[in-house]
Amino acid sequence: MDRKKARDKIVDTINDLPTLPDVIHRLLPLLQDDDVSINALLDVIGKDLAISMRLLKVANSAYYGCMSQITTVRHAITILGLRQVKSLALGISVFDTMRGLEKKGPLDYTMLWVHSIGTAMAAQLMSKFVSDTDSETAFTAALLHDIGKIPLNALFPDECRQVAKKALQGMDCFEAEEEVFQFNHGDVGGWLCVNWKLPAALVQPVQYHHHYKRSSAAWKDLTSLIHCADVMSKLAGIGTGTQPVKEIAEPNADTATPQEDLSAVLSKKRQTDEQQTSAVPFPSLAVLENLQLNITDLNTVLTELAAGDQKARSFFNAIS
Ligand SMILES: [Fe+2]
Ligand SMILES: [Fe+2]
């Protein structure tokens, strides 16, 4: 397929999509502000009934496991946290805006949402182990990371079926897209985020989550983190419904977890997986080393994600 023609068709369609709702443009400056007050947030969000209702549902969902019923948006914001509310409002609005595109192609939209929520959960958990990474920005970027798949499937359903076929034969989805389109869904997501005037902290991880080395120096760690969270949510079986949680480390690895042992453990694991032709990809060693994540950190994240599929589904039911 001609790269320029495909890109032009996508960009033209993106330009015709509705802009993000006004509430988001009023929220974006607050997204950068760490000292935002609950009243300022309530003033913006309380005026958007659709978002307010869904925040209430999320706060009451099993995801947050609250014992008592939450009936006011103010209480919901207290439960969810000011910063999480901003991320969620943005994520919900972006996915809502994409509803205008006709559902075609092989993409399972529920699975995409559940996988995106799972990746957001993984990114938030992993950000605790990576210095200088903001957990809410990581959560939001991860929630949006695969958003480009929606316009790609809506506009090129036949080509996306070819991609799905190649993926079934063992090729990575983004590589199959690059063979067919000369770009991948990350690029499409990046064009979308630019069109919506979202900050570079979101554009770069979305665009380059399959090619973290291409991101600019300022966003390389965040982009690597999203790449890794994407893989971790797949390893934890979130959104696939079939993959069991896999332990990355050898059973005794947690007793000896120096950073230098990580490569050896992961290489061994990768070789075993290759022999078993596992369809689940593996975090790139270079990424893990760059983020200074060790095997104990990864296993902590995987353990926390053990009930992730169920949690992500309850989250999805609340916001859909
Ligand atoms: Fe992706
Ligand atoms: Fe993904």
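The values are calculated or read from the model by the stated rules, or taken from the named source; none is laboratory data. Please read these numbers as outputs of a predicted model, since none were measured by experiment. Counting neighbours? That spans all protein chains shown, and the Cβs are built from the backbone with ideal geometry, glycine included.
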If you scan region 187-227, which residues turn out to be touching a residue at least 40 places away in the same chain (Cβ under 8 Å) and aliphatic (A, V, I, L, M)? VAL188, LEU192, LEU198, ALA201, LEU202, VAL206, LEU222, LEU225, ILE226
Residue by residue through region 93-113, note down the ones that are in the same structural domain as LEU49 (by TED's automatic domain parsing) and within 13 Å of ligand 2 (Cβ to nearest atom). none
I'd like to know if region 192-199 contains one or more residues that are of a type outside the set (Phe, Trp, Tyr), within 13 Å of ligand 2 (Cβ to nearest atom) and either touching a Ser or Thr at 6+ places or on another chain (Cβ under 6 Å) or at pLDDT below 95 (or both). no
Subset of region 211-224 (residues that are surrounded by fewer than 22 Cβ atoms within 10 Å (Cβ to Cβ) and within 16 Å of ligand 2 (Cβ to nearest atom)): HIS211
If I ask for residues that are within 16 Å of ligand 2 (Cβ to nearest atom) and touching a residue at least 12 places away in the same chain (Cβ under 8 Å), which ones from region 153-169 would you list? ASN153, CYS160, VAL163, ALA164
Scan region 170-186 for residues that are in contact (Cβ under 8 Å) with a residue 40 or more places away in the chain, within 12 Å of ligand 1 (Cβ to nearest atom) and not acidic (Asp, Glu) and jot them down. GLY186
Give me a count of the residues in region 70-90 that are farther than 11 Å from LEU56 by Cβ and in a loop (DSSP other than H, G, I, E, B). 1
Residues SER87, SER68, SER116: which one is away from ligand 2 (no atom under 16 Å from the Cβ) and closer than 21 Å to GLY239 by Cα? SER87
Which pairs do you get when a residue that is among the charged types (D, E, K, R), found in region 136-152, comes within reach of a residue that is away from ligand 1 (no atom under 11 Å from the Cβ) and assigned to a loop (DSSP other than H, G, I, E, B), reach meaning Cβ atoms under 7 angstrom, with the pair 6+ apart or on two chains? LYS149/LEU107
Condition first: within 11 Å of ligand 2 (Cβ to nearest atom) and among the charged types (D, E, K, R). Now tell me which residues in region 119-152 satisfy that. ASP146, LYS149
For region 153-205, give me each residue that is β-branched (Val, Ile, Thr) and either surrounded by fewer than 21 Cβ atoms within 10 Å (Cβ to Cβ) or part of a loop (DSSP other than H, G, I, E, B) (or both). VAL180, VAL194
Quick one: would you say ALA59 is touching a residue at least 24 places away in the same chain (Cβ under 8 Å) and not in a loop (DSSP other than H, G, I, E, B)? no
Does MET67 satisfy being part of a helix (DSSP H, G or I), surrounded by fewer than 17 Cβ atoms within 10 Å (Cβ to Cβ) and out of contact with any helix residue (DSSP H, G or I) (no Cβ under 9 Å at 6 or more places or on another chain)? no
Out of the residues in region 116-130 that are in contact (Cβ under 8 Å) with a residue 60 or more places away in the chain and over 12 Å from the mean Cα position of the chain (by Cα), state the one that is surrounded by the fewest Cβ atoms within 10 Å (Cβ to Cβ). PHE129
